[in-house]
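The values are calculated or read from the model by the stated rules, or taken from the named source; none is laboratory data. Nothing here was measured: the structure is a model prediction, and the numbers come from that model. Neighbour counts are summed over all protein chains in view; Cβ atoms, including those assigned to glycine, are modelled from backbone coordinates with ideal geometry. Just the protein is used for accessible areas: all its heavy atoms, side chains included, with ligands, DNA and RNA removed. Shrake-Rupley method; radii C 1.70, N 1.55, O 1.52, S 1.80 Å.
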Amino acid sequence: MTRQPKDLNGTLMMSRRGILLGGATLFAGSIAASLCPTLALAAVDAGTQGQFMKLSNLLIQHQLNPAVGARIVDMASGEYKNLAQMLDAIIAIAEKKNAAQVEDFFADIPDGELKDFAHWVISAWYSGCSSEKRNAAVFTYEEALTFRTTSDVVTIPSYGLSGPNLWTRPNVPLSAPMPRF
Amino acid sequence: MVTKNSADVVIVGTGVVGVVIAEQLLDAGHSVLMIEAGPRVTRAEVVENWRNAPLGVKGDTSVAYPSRPWAPHPMGNEKPEDAYLQLSGPDSYAQTFIRYAGGSTWHWAGTSWRLTPEDMRLKSLYGVGRDWAIDYDTLESYYVRTENKLGICGPSDRGLQWPQTGARSAPYPMPALPFSPGETRFTEIAKSLGYNNIPVAQARNSGMPYDGRPACCGNNNCVPVCPVAAKYDAETALHRLEKKGATLLVDSVVYKVETNAQNKIEAVSYYDQHKESHRITGKLFVLACNGLENPKLLLMSKDDRNPNGVANSSDQVGRNMMDHPQLTLTVTTKEPFWSGVGPVVNSGIMETSQGSFRSEHAGAYFRYNNFARNRFVTFAALKKGLVGKALDEEIRRMTACTADVVAAHEVLPDPNNRLTLSDKTDWLGLPKPHIHYDVGEYTRRSAEVYSLPIGKRIAEAMGATDVKISPKFNQSKHIMGGTIMGNEASNSVVDVDCRSHDHENLFIPGGGAMASTACGNSTITMVALAIKSADAIVEQMRGA
């Protein structure tokens, strides 16, 4: 059964699609997915992990699962030799602006290594992967933020959100509110 | 009696064709031994393979089904020179199929359009291609049995059924699945142009359990795997067959069909995954490896009595390779369509596949692909450099307001579209298949003067602000023609029961026997032919 990190009230809850899925086969499958076997986590110190989540929360104003963040920062620690300095540098830019949201400070990140890294972090959370390529590392599937932007309408493939023949409904206009996530 | 080395009937392949025949023979009291080249896996394993694949390659079905060294099948990450399928010609016969227990229905969409009476008489009516050796009325009762066997749902309104010509002697066992909001809107738009977008008959449980499988609950993952088996796939029947007494050998690659002095089939030989050879004898043999592996195996099995290959006195084995070449129009719209609600293919415009124009060019079938769009648009949105609310809104807009409309064409049987044995070999040392392919002027002309003009009108009516059209034909993975059916042994491989003209105890049912492709997906016709074969085999075994 799939679990979502927290609901909007901060209470751990079972996902609706998790309830709908049911069945021993999918139970086993969902557990396996949550373990994310494509990644074996190496040790990234707690300080770096904390800074990474702090940066992620500055770049993305949504609920972010620290377990997914741990997978991303583990990959980043191998790819970016000066990871700690980049985390500190971007956080300092945001703090200097007293940023409450990414729009407040993103333009101040200088082009080049720092901005590329900031985009990579955002891409990792939204796509759930390290890149678009076939050999990309997978951080998460069902918690990739791309699916959260459409969660009021579109199925995450393999996780049905309706029920038998229950997908007929009025089309949702683009002006409908963005789901809160 | 069945043993590990012998049975009344030996079936090579465990896909839908082999499984349907096996069950009928078991029910008739015959022993059945089935041989599968690839592994047997659980549904959970396939689902997890797919979920754990990177977002950017989720459109490649092979990520869910890694091939085994001894049973290679096409994988999306192959270099052409290393690929299992060696390809040449103006068009690429790039297929996906899987050598796993249960076969390629693991990843089919379940789409089940019947042929029309006209589809089976192209030569008589339009002067092109071949006529079938049987007519629609002969096939109709086998279609009904197929629809009940696989659990194919469809509309009860005769005006929404396909085909409109030709009889239908029984209703579908389940009602049609409902349309999603996007499909409903697409149907309205098609209607405004004079086209009827009708519910597709599909092997998916509609609103109820069927055959021990649950109702579809819109996981939108029919391709590459239904996570709950609401869609029929042949894997769902394997346990039942074993309970009925079938023996199933997996990871066993048949590499030779052996004839005796009477030119009957005596045995098949296979390699296990340790490259050790084994021999299986039987009274009757069925090759159900798919439309590409069947001709490969027959050509590999040549002997002194059959110097061109088994069942190949006509020299037609491996010729007439066909598919449904498709072109995709990726449409960006102002109004949201929201693909990705319900099954992945749920409707189609079929009437555009029919008409007197078929004397000049191919017909085409149009479908609205109902795959969730996130995986197609996410990286494009990210590359725009957006952040925050702008990024969220752009992903949401692109997911809602892009759609794929696919035109799937028919092709004509052409003996030059040919599978031969490559001089390149696989892990076991067996030759890889080489396929030369050209969709032909008949199909190209359709794209120029017929299908793409219709597709562009549909896109315009959808309110398209941008339309991107595939630069070349892609294959639909509907492998047909390589062991073509006919009345004459001189120009066809199998008779009307898919029995080899050359070997009375060898049956080669499935897509390879199809003498025309029409535009609709081939599996329902493959299975109808398999059931017809099974009737003939039971009758023949009774005589034996």
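Of all aspartates and glutamates in the structure, those lying under 17 Å Cα to Cα from B:Lys123, and not within fewer than 8 positions of it along the same chain, are B:Asp131, B:Asp135, B:Glu360, B:Glu410, B:Asp414, B:Glu441, B:Glu488. Which pairs break 18 Å Cα to Cα here: B:Lys256/B:Lys296; B:Lys191/B:Lys231; A:Lys133/B:Lys477? Correct reply: B:Lys191/B:Lys231; A:Lys133/B:Lys477. About its Cα centre, the protein assembly as shown has a charge dipole of approximately 1080 debye under the convention of +1 per Lys or Arg Cβ and -1 per Asp or Glu Cβ, with nothing else charged. Between helix B:374-383 and chain B, what is the angle of the helix's C-alpha long axis to the longest principal axis, kept within 0 to 90° and rounded to the nearest 10? Once rounded, the angle reads 50 degrees. Probing with 1.4 Å while keeping every protein chain in the model, the per residue accessible area of the protein assembly as shown equals 36 Å².
Per the Debye calculation on segment B:357-415 with a single equal scatterer at every Cα and no solvent contribution, log₁₀ I(q)/I(0) for q = 0.18, 0.23, 0.26 Å⁻¹ amounts to -0.69, -0.89, -1.02. Computed from point charges on the beta carbon alone (+1 for Lys and Arg, -1 for Asp and Glu), the dipole magnitude for segment B:223-337 about its Cα centre is near 240 Debye.
Three semi-axes describe the equivalent ellipsoid of segment A:46-127; taken as square roots of 5 times the Cα gyration tensor eigenvalues and ordered largest first, they are 18, 14, 12 Å. Between B:Ala515, B:Ile537, B:Ile479, the Cα set farthest toward the positive side of the dipole of segment B:451-544 (charges on each charged residue's Cβ, about the Cα centre) is that of B:Ile479. Taking each DSSP H run with n ≥ 4 as -39500 (n - 2.57) and averaging over every residue of the protein assembly as shown yields -8500 deg cm²/dmol at 222 nm. Compared with the dominant principal axis of the Cα atoms in chain B, helix B:16-27 is inclined by about 50°.
Atom-type composition of the exposed protein surface of the protein assembly as shown places 52 percent of the accessible area on carbon and sulfur (1.4 angstrom probe). Of interest is the spacing of the C-alpha centroids, which for segment B:417-490 and segment B:500-544 amounts to 23 Å. Simple rule: put +1 on each Lys or Arg Cβ and -1 on each Asp or Glu Cβ in the protein assembly as shown, find the dipole, and look at A:Met75, B:Pro413, B:Gly103; the Cα lying farthest toward the positive end is A:Met75. Charges were assigned to the Cβ only: +1 to each Lys and Arg, -1 to each Asp and Glu. The resulting dipole of segment B:6-543 about its Cα centre is roughly 1260 debye.
Heavy-atom accessible area buried between chains A and B is around 4700 Å² (1.4 Å probe, both sides summed).
Look at the dipole of the protein assembly as shown built from charges on Cβ: of B:Phe337, B:Gly318, B:Leu249, the Cα furthest out on the positive end belongs to B:Phe337. Note on B:Lys334: aspartates and glutamates with a C-alpha under 20 Å away, same-chain residues under 8 apart excluded, are A:Asp152, B:Glu183, B:Glu188, B:Asp392, B:Glu393, B:Glu394, B:Asp404, B:Glu460, B:Asp466. Computed from Cα positions, the angle between helix B:136-150 and the longest principal axis of chain B comes to roughly 80 degrees. The mean of 1/r over all distinct Cα pairs in segment B:270-425, once inverted, gives the Kirkwood hydrodynamic radius of 20.5 Å.
Taking the Cα atoms of the protein assembly as shown, the ratio Rg/Rh between the radius of gyration and the Kirkwood radius comes to 0.99.
Loop-located trypsin sites (Lys or Arg not before Pro) in segment A:95-181 (DSSP state other than H, G, I, E, B) with a sparse environment of at most 15 neighbouring Cβ atoms within 10 Å: A:Lys97, A:Lys133, A:Arg134, A:Arg180.
All C-alpha to C-alpha distances of segment B:221-330, sorted into 10 Å bins beginning at zero, yield P(r) values of 11, 31, 32, 20, 6, 0 percent in whole numbers. Any idea what % of Cα-Cα pairs in chain B are farther than 42 Å? Tail fraction, whole percent: 15.
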